[in-house]
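Take a look at the structure set out below.
The values are calculated or read from the model by the stated rules, or taken from the named source; none is laboratory data. Quick caveat: nothing in here was measured; it's all calculated off a predicted structure. Counting neighbours? That spans all protein chains shown, and the Cβs are built from the backbone with ideal geometry, glycine included.
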């Protein structure tokens, strides 16, 4: 008898566990969807002016493969047409079209969650050839200059090369002729490029990056730095001074590989501004966009795909089975009486609009008034259905009067009762009356207290946002809830109330 | 503390609500048989077929329109009982002992008018007392005049005797004594006293009143224990036979003792309460397990089953 139920529970638990593991391990869902994560909000705003009719503005934009997860992108393009394009490792937004003589504003806004460490960029790049502008002679020169460090490990080599920007060439110093030639090269190509050539000569994979410091800031220009791969991770180099940024400094790259982050043809940007602000959001929101775009089966069948106006309902609905489980526990393990089985759950759902204390207060008020009227009505000898209808009308009248009083007192909660399920109130009044008549007022109040307790617990459960989100992200948790319900269905032990009830037996036996 | 008490209840063999529902009611009582016991009219007809005596039926009312004819039916009857066919726990039952010019005198002495009575009957018909709120029928039965043995320990009303029967074997019995609080009704949750009965001899044991153990009736002050229940042996047999006709494995059989007609079957209860354990100072579970371990030949006839129960469950030989 017991075994099939236990097996069913085990299967349900396993299903739940399997689905969740699949999502976490393969689809990379957050294990704790409600743990707060730090995210950045990037806001770019640019004013553009066209020289000719057709203008084209290309701006590097953050994207998910660049180490962070970009969610909630919003782009405005004014009169221009917008295209999003992949250009090498970069994502570029291209605004193009005819803006006329006036200034046009384009903007971009997104929320970026930076992963630590940036996973997709952890792989070392392939060694790149020297830029075409660098001649063979200059390559040989650069290689000569760094040869003495070839025995050092990559981090030390990087530090030695970086120090040359400040003129520190170490011992023994290279000969004067080479140094003179190198400063000429530096002047001709600029320090950043010279540094890149030197890093290439020292076999250190490196690339120029344009972007922003990842701190709360407003910038009107972008930062250029050089990323150098030192065997295990990237180090960031200030190209003008050769300074190596400390690990604690983080960046938001917009374009890598030497492409300028902002390019304009047939016009200019009169003003451009990047604003970075930090915000705390939960992990689920970070994953929200990703799930929405994913093509995996479970992602396509995710509740996140529902139209947003229905999502709220399901966030609540998914928790109702937990409330039912609570009712099972309270009735079958604790032994607390309630009006009806799921009536307290419906009560709790009704309290969503009014809040708990007002909801319970209004409920108690209507039931007391209804009870008094019901006692009096008993003398009128009304048949069952018409009598219940009278009480229903009374309930509606009470709610209406409460709303009017609430309006006078400025209490919105009194007016929000409109959605309180009046049928439940009606049946509660009738049941309360019958219980008090048949089993005494005490029993009636105990039952009312039990119902209020379940309603309160249920209300608190369905309003726990972390729980809501967890169930919303992992609806298969319902299997687990069902498993516990099945197990409770086979609980044949004593109820807590029975320990008290049969305590009387103890002494004489 | 909790574990100690749980352990102790288990050792004593107390049956809890959850186990009763899952392992006895749900396992032994087929759903299809429930209407037979939930509807008193069906139970009555079934009992008549088996020649098990029940209180004489005067009339049944099925439709609101029938109420008009009520006056004629009740004309010759001084006292009678109004009962919903599908009522639970004694709700909706009115005992009428007499007529006066103002109306009917209830068992409690209260007088209700003709209008009150018809109102009550139409309430029953609308299903207010029925188990699922379905439309119901009304039984008008002869009022039982109880055997005087319990007069000293009842406050008005009719005491009744409940015997729990498992697989046809009587397990435990108690007599339910009305009190002032129970309005003449013999239902424990309304405040009646339950007094355990020794299966062996039919002598009353201790009483339970609202989950307190009592030895005296709260209204009459007389001791409730040590009374000899008349017709005990034949009532055990009646209970064992009554169960056979329903196909149910776990039943509460409610009987009354009329001083003229002897024991009568009142109703069957597919969900008998657990309070009987307190009245008997004894756990049901232990006895139920004894029956499950018993050799199969004891189940052959009601007589054999009763004999086995008397032998196994007798309290002592005093």
**Request:** Considering only residues that are touching a strand residue (DSSP E or B) at 6+ places or on another chain (Cβ under 9 Å) and not in a helix (DSSP H, G or I), look in region A:450-509 and name the one that is farthest from residue B:6 (Cα to Cα).
**Result:** A:508
**Prompt:** Does region B:133-142 hold any residues that are surrounded by fewer than 19 Cβ atoms within 10 Å (Cβ to Cβ) and under 18 Å from the mean Cα position of the chain (by Cα), and which are they?
**Reply:** B:142
**Item:** Residue tally, condition in contact (Cβ under 8 Å) with a residue 12 or more places away in the chain and either farther than 29 Å from residue A:8 by Cα or more than 7 Å from chain B (Cβ to nearest Cβ) (or both), over region A:491-500
**Value:** 2
**Complete:** Here the residues within region B:58-94 that are within 16 Å of the chain's Cα centre (by Cα) and modelled with pLDDT under 85 are B:87, B:88, B:89, B:90, B:91, B:92
**Prompt:** When region A:422-449 is examined, which residues are found to be buried (at least 20 other Cβ atoms within 10 Å of the Cβ), away from every other protein chain (no Cβ under 14 Å) and closer than 16 Å to residue A:337 by Cβ?
**Reply:** A:428, A:432, A:448
**Request:** Filter region A:62-86 for residues that are in a loop (DSSP other than H, G, I, E, B) and at pLDDT 75 or above and give the result.
**Result:** A:62, A:63, A:77, A:78, A:79, A:80
**Prompt:** Identify, please: which residue in region B:154-171 is closer than 23 Å to residue B:314 by Cβ and within 13 Å of the chain's Cα centre (by Cα) and is, among those, surrounded by the fewest Cβ atoms within 10 Å (Cβ to Cβ)?
**Reply:** B:159
**Complete:** Taking region A:217-238 and keeping only residues that are at pLDDT below 85 and part of a loop (DSSP other than H, G, I, E, B), one is left with A:230, A:231, A:232, A:233
**Message:** Is it the case, given these coordinates, that residue A:465 is away from chain B (no Cβ under 14 Å), at pLDDT below 90 and either crowded, with 19+ Cβ neighbours inside 10 Å or within 21 Å of residue A:363 (Cβ to Cβ) (or both)?
**Reply:** no
**Request:** Answer yes if at least one residue in region B:303-318 is in a loop (DSSP other than H, G, I, E, B), within 14 Å of another protein chain (Cβ to nearest Cβ) and surrounded by 22 or more Cβ atoms within 10 Å (Cβ to Cβ), and no otherwise.
**Result:** no
**Residues of region B:89-123 satisfying the condition of being at the interface with chain A (Cβ under 10 Å from one of its Cβ atoms) and on the phi < 0 side of the Ramachandran plot** = B:91, B:115, B:116, B:118, B:119, B:120, B:122, B:123
**Message:** I need the full set of residues from region B:168-184 which are at pLDDT 90 or above and either assigned to a strand (DSSP E or B) or out of contact with any helix residue (DSSP H, G or I) (no Cβ under 6 Å at 6 or more places or on another chain) (or both), in order please.
**Reply:** B:169, B:170, B:171, B:172, B:173, B:174, B:175, B:176, B:177
**Item:** region B:104-118: number of residues that are assigned to a helix (DSSP H, G or I) and touching a helix residue (DSSP H, G or I) at 6+ places or on another chain (Cβ under 9 Å)
**Value:** 3
**Prompt:** Taking region B:4-19 only, how many residues are assigned to a helix (DSSP H, G or I), under 15 Å from residue B:290 (Cα atoms) and at the interface with chain A (Cβ under 7 Å from one of its Cβ atoms)?
**Reply:** 1
**Request:** Keeping to region B:282-302, report how many residues are farther than 22 Å from residue B:23 by Cα and in a loop (DSSP other than H, G, I, E, B).
**Result:** 2
**Asked** Which residues, taken from region A:202-226, are under 11 Å from residue A:158 (Cα atoms) and either buried (at least 18 other Cβ atoms within 10 Å of the Cβ) or not assigned by TED's automatic domain parsing to the domain that holds residue A:163 (or both)?
**Response** A:202, A:204, A:205, A:206
**Request:** Note down all Cβ pairs under 6 Å where the first residue falls in region B:278-291 and is in contact (Cβ under 8 Å) with a residue 60 or more places away in the chain, the second is surrounded by 24 or more Cβ atoms within 10 Å (Cβ to Cβ) and part of a helix (DSSP H, G or I), and they're at least six residues apart or on different chains.
**Result:** B:283/B:277; B:284/B:277
**Prompt:** In region A:374-389, which residues are in a helix (DSSP H, G or I) and either within 14 Å of chain B (Cβ to nearest Cβ) or crowded, with 18+ Cβ neighbours inside 10 Å (or both)?
**Reply:** A:374, A:377, A:378, A:379, A:380, A:384, A:385, A:386, A:387, A:388, A:389
**Message:** Within region A:354-366, does at least one residue satisfy the condition of being closer than 21 Å to residue A:480 by Cβ, modelled with pLDDT under 85 and within 31 Å of the chain's Cα centre (by Cα)?
**Reply:** no
**Asked** Can residue A:196 be described as in contact with a strand residue (DSSP E or B) (Cβ under 7 Å, 6 or more places away or on another chain) and either at negative phi or in a strand (DSSP E or B) (or both)?
**Response** yes
**Prompt:** Hey, among the residues in region B:124-167 that are in contact with a strand residue (DSSP E or B) (Cβ under 6 Å, 6 or more places away or on another chain), within 14 Å of chain A (Cβ to nearest Cβ) and part of a loop (DSSP other than H, G, I, E, B), which one's modelled with the highest pLDDT?
**Reply:** B:136
**Asked** What are the residues in region B:188-231 that are within 14 Å of chain A (Cβ to nearest Cβ), surrounded by fewer than 22 Cβ atoms within 10 Å (Cβ to Cβ), touching a residue at least 12 places away in the same chain (Cβ under 8 Å) and not in a strand (DSSP E or B), if any?
**Response** B:189, B:190, B:191, B:210, B:211, B:225
**Complete:** Over region B:268-281, the set of residues surrounded by 24 or more Cβ atoms within 10 Å (Cβ to Cβ) and in contact with a helix residue (DSSP H, G or I) (Cβ under 8 Å, 6 or more places away or on another chain) is B:268, B:276, B:277, B:278
